[in-house]
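Novice: Just dropping this structure here.
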């Protein structure tokens, strides 16, 4: 292995594996049933029970490197644990208070918010008492280029007034959601990377319309969901601006580096679970007088999956190591590479597992369709493949031919 886990990580890993076996996997179906039985946007009581158990076992706020607010782990150390949580992406990350978008938002609040705002919003997030949302993408522009964002944040005395339309605001309709981080344009005449700002918004502020939730291939992902939001003259205190006007892209880069690598860590866990399910299913079925697991094609899928996962893991560990040692900015190529590699790898492995399950692989009798939908989302979230590939190519060309 390129990087060996530290003794503390090994201890936490053992505790996390036991938590997964004893509390997460046995409760996946029960959690879905509780969500279905009540108002789908209210959190089921089972989640609070799992959170309490995770805290008792010391499996809480494992992220937040370079901060005394978390567990004190580096990005590299956290990678091994985040992967395990990704095996049950619908349940385990939130149970350990390590789920998106909260992790990225907590990093923003820890780095850039005032003490007043940290007390109001960061502390409850760290305690798992509220959830949060990040509102950047818009329906009317190609948001893969964030300079296109058109929502306006206009100063008016002691307030900023927000107007515009956002969508794919994950978690914004959750009844526990206590704060949104909204990105919008404060100065359209400034340099293109200094036009945007980020501001903290209380979801109960007048003028906000939670217009609709956006299902993903039939999944509503309740109780968080993905939402379209309309801002109509929403007045927010001026002190809620983060760092000041024109600092939105600076904050975004500070947020998206850790967010991207966390997604990739969880995707590796998803792929590992899919491969495990593939093998177990293939071992339990026969076709044409032969065990499915002995079919040459299936063995090829297993071998390809093992190689795919391990290559993605090594790239991810390397990116985490670079973030820890030379910083997020210097690791931008490595972060971009894993953001392309990991979702595509997971989709291939999950698809092979679905194919091995036959018709059952299309049903919710297994977790595979859920995993596939999440992996497909992550080819868009925090930047689509095409944007990252363009950046990788530009940086690579620059190494050999100078800046172009």
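Novice: Applying the selection to the range 217-234, what residues are surrounded by 15 or more Cβ atoms within 10 Å (Cβ to Cβ) and over 15 Å from residue 32 (Cβ atoms)? Give the steps one after another, and end with the answer.
Specialist: Residues of the range 217-234 surrounded by 15 or more Cβ atoms within 10 Å (Cβ to Cβ): 219-231, 234.
Listed by number, the residues that qualify are 226, 227, 228, 229, 230, 231, 234.
Novice: Suppose the filter is farther than 30 Å from residue 32 by Cβ and surrounded by 21 or more Cβ atoms within 10 Å (Cβ to Cβ); does residue 143 pass it? Step through it out loud before you land on a result.
Specialist: Values: farther than 30 Å from residue 32 by Cβ: yes; surrounded by 21 or more Cβ atoms within 10 Å (Cβ to Cβ): yes.
Against the criterion (farther than 30 Å from residue 32 by Cβ and surrounded by 21 or more Cβ atoms within 10 Å (Cβ to Cβ)), residue 143 qualifies.
Novice: Specify which of the listed residues (255, 266, 260, 306) is free of Cβ contacts under 8 Å to residues at least 40 places away in the same chain, under 30 Å from residue 96 (Cβ atoms) and surrounded by 13 or more Cβ atoms within 10 Å (Cβ to Cβ). It would help to see each step written out before you state the result.
Specialist: Working: 255 fails: free of Cβ contacts under 8 Å to residues at least 40 places away in the same chain; 266 fails: free of Cβ contacts under 8 Å to residues at least 40 places away in the same chain; 260 fails: free of Cβ contacts under 8 Å to residues at least 40 places away in the same chain.
When all the criteria are applied, what remains is 306.
Novice: Can you pull out the residues in the range 158-179 that are crowded, with 20+ Cβ neighbours inside 10 Å and outside any strand (DSSP E or B)?
Specialist: 171, 172, 173, 174
Novice: Across the range 28-53, what is the total count of residues that are touching a helix residue (DSSP H, G or I) at 6+ places or on another chain (Cβ under 6 Å) and either within 18 Å of residue 85 (Cβ to Cβ) or in the same structural domain as residue 368 (by TED's automatic domain parsing) (or both)?
Specialist: The qualifying residues number 5.
Condition check ((1) in contact with a helix residue (DSSP H, G or I) (Cβ under 8 Å, 6 or more places away or on another chain); (2) surrounded by fewer than 16 Cβ atoms within 10 Å (Cβ to Cβ)) across all residues:
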| residue | (1), (2) |
| --- | --- |
| 64 | yes, no |
| 73 | yes, no |
| 91 | yes, no |
| 103 | yes, no |
| 109 | yes, no |
| 114 | yes, yes |
| 123 | no, yes |
| 139 | no, yes |
| 156 | no, yes |
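Novice: Inside the range 34-47, can you point out the residues that are part of a helix (DSSP H, G or I) and either surrounded by fewer than 12 Cβ atoms within 10 Å (Cβ to Cβ) or in contact (Cβ under 8 Å) with a residue 60 or more places away in the chain (or both)?
Specialist: Step one: list which residues in the range 34-47 are part of a helix (DSSP H, G or I), which gives 34-37, 45-47.
Hits for the range 34-47 are 35, 36, 37, 45.
Novice: Name the residues in the range 50-62 that are outside any loop (DSSP other than H, G, I, E, B) and either crowded, with 22+ Cβ neighbours inside 10 Å or in contact with a strand residue (DSSP E or B) (Cβ under 6 Å, 6 or more places away or on another chain) (or both), would you?
Specialist: We begin by selecting, within the range 50-62, every residue outside any loop (DSSP other than H, G, I, E, B); these are 50-56.
Answer for the range 50-62, where residues must be outside any loop (DSSP other than H, G, I, E, B) and either crowded, with 22+ Cβ neighbours inside 10 Å or in contact with a strand residue (DSSP E or B) (Cβ under 6 Å, 6 or more places away or on another chain) (or both): just 54.
Novice: May I pose another question? What about residue 15, is it without any contact (Cβ under 8 Å) to a residue 60 or more places away in the chain, more than 23 Å from residue 132 (Cβ to Cβ), surrounded by 13 or more Cβ atoms within 10 Å (Cβ to Cβ) and not assigned by TED's automatic domain parsing to the domain that holds residue 275?
Specialist: On the way: without any contact (Cβ under 8 Å) to a residue 60 or more places away in the chain: yes; more than 23 Å from residue 132 (Cβ to Cβ): yes; surrounded by 13 or more Cβ atoms within 10 Å (Cβ to Cβ): yes; not assigned by TED's automatic domain parsing to the domain that holds residue 275: yes.
Yes.
Novice: Sort through 81, 69 and tell me the only one that's under 21 Å from the mean Cα position of the chain (by Cα) and within 30 Å of residue 307 (Cα to Cα).
Specialist: On the way: 69 fails: within 30 Å of residue 307 (Cα to Cα).
Criteria check complete, one pass: 81.
Novice: Which of the residues spanning the range 122-139 are part of a loop (DSSP other than H, G, I, E, B), within 16 Å of residue 110 (Cβ to Cβ) and either out of contact with any strand residue (DSSP E or B) (no Cβ under 7 Å at 6 or more places or on another chain) or modelled with pLDDT under 95 (or both)? Lay out the reasoning, then the answer.
Specialist: Here is the first cut: in the range 122-139, the residues part of a loop (DSSP other than H, G, I, E, B) are 127-130, 136-139.
Now narrow it down to the ones that are within 16 Å of residue 110 (Cβ to Cβ): 127-128, 130.
Within the range 122-139, 127, 128 qualify.
The values are calculated or read from the model by the stated rules, or taken from the named source; none is laboratory data. Computed from a predicted structure; not experimentally measured. As a convention, Cβ positions derive from the backbone with ideal geometry for all residues, glycine included, and neighbour counts pool all protein chains shown.
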